[in-house]
Amino acid sequence: MNVAVTTRAPTSPAHPAPVFAMRGVTKVYSMGEVQVHALRGVDLDLHEGEFTVLLGPSGSGKSTLLNILGGLDAATAGRVTYRGGDLSEAGERALTRYRRRHVGFVFQFYNLIPSLTAHENVALVTEIAHDPLTPEEALALVGLEHRLDHFPSQMSGGEQQRVAIARAIAKRPDVLLCDEPTGALDISTGIAVLEAIGKVNVDLGTTTAVITHNAAISAMADRVISLADGQIANDVRNGAKLPASAIEW
């Protein structure tokens, strides 16, 4: 099935259609003769414009879940849909098109090209996207308009991570998936990165999911999902969100 979608579907505030729907999703990895159950029958909906934090210890299934949503991995069993398109049945070409058009990824390690400036790192994405932000617009959105011509070695860890965010959102993705984006950062630079992710969520309306083992970050989310042993242990909505600047850990 073709999973490409070019526009966000209209939704009702009372009953919004899910952007993602997972039903009975299981993921099993074979390690020699041992089978590791990373996910065990997960049911989950993620909705338009939500900022969701996924909490849990190492081995709880957070990264596996995010990789399946992003089309980087496939479920062993169950069904995953994106705006009604079945990712579970999509071939590699369709998944590549889906990732390129609709999903931005941010990881713990920045993966910037050291020989390119911030502007040039972001431009790598804008040159292949359908309707991108300019590199200048993307970097301004994360507060780095003054660092366009700086190389990664000339920037702090937090600034490099914000360049990585700018690169991820330059193609105007419908979805931003972040795996431990502050894991390698101290609190002050981590907060700057979280502010950038929050601003993207609000300004672009991007459906955002952030994996973290840091429970304090959940205070800025619309929704907090806790995983344990490959299953959803808790799923709650925040009554009142805190700005990133008010988070302490």
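The table below lists the values:
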read-out	value
So Pro135, is it surrounded by 20 or more Cβ atoms within 10 Å (Cβ to Cβ) and either under 29 Å from Thr189 (Cα atoms) or of a type in the set (Gly, Ala, Ser) (or both)	yes
Matching residues, region 69-118, being surrounded by fewer than 20 Cβ atoms within 10 Å (Cβ to Cβ), in a helix (DSSP H, G or I) and without any contact (Cβ under 8 Å) to a residue 60 or more places away in the chain	Ser88, Glu92, Arg93, Thr96, Arg99
Pick from region 186-213, criterion among the polar types (S, T, N, Q) and at pLDDT below 90, ranking: farthest from Pro132 (Cα to Cα)	Ser188
Residue satisfying all of: in region 21-68; charged (D, E, K, R) and surrounded by fewer than 22 Cβ atoms within 10 Å (Cβ to Cβ); farthest from Val106 (Cα to Cα) among these	Glu33
Close pairs (6 angstrom Cβ cut-off, 6 or more residues apart or separate chains): within 26 Å of Glu48 (Cβ to Cβ) in region 19-36, of a type in the set (S, T, N, Q) and surrounded by 12 or more Cβ atoms within 10 Å (Cβ to Cβ) anywhere	Val19/Thr207; Ala21/Thr81; Lys27/Thr64; Lys27/Thr76
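The values are calculated or read from the model by the stated rules, or taken from the named source; none is laboratory data. As the structure is a computational prediction, the values presented were derived from the model and not from experiment. Don't worry about glycine lacking a Cβ; one is built from the backbone with ideal geometry, like all the others, and counts go over all protein chains shown.
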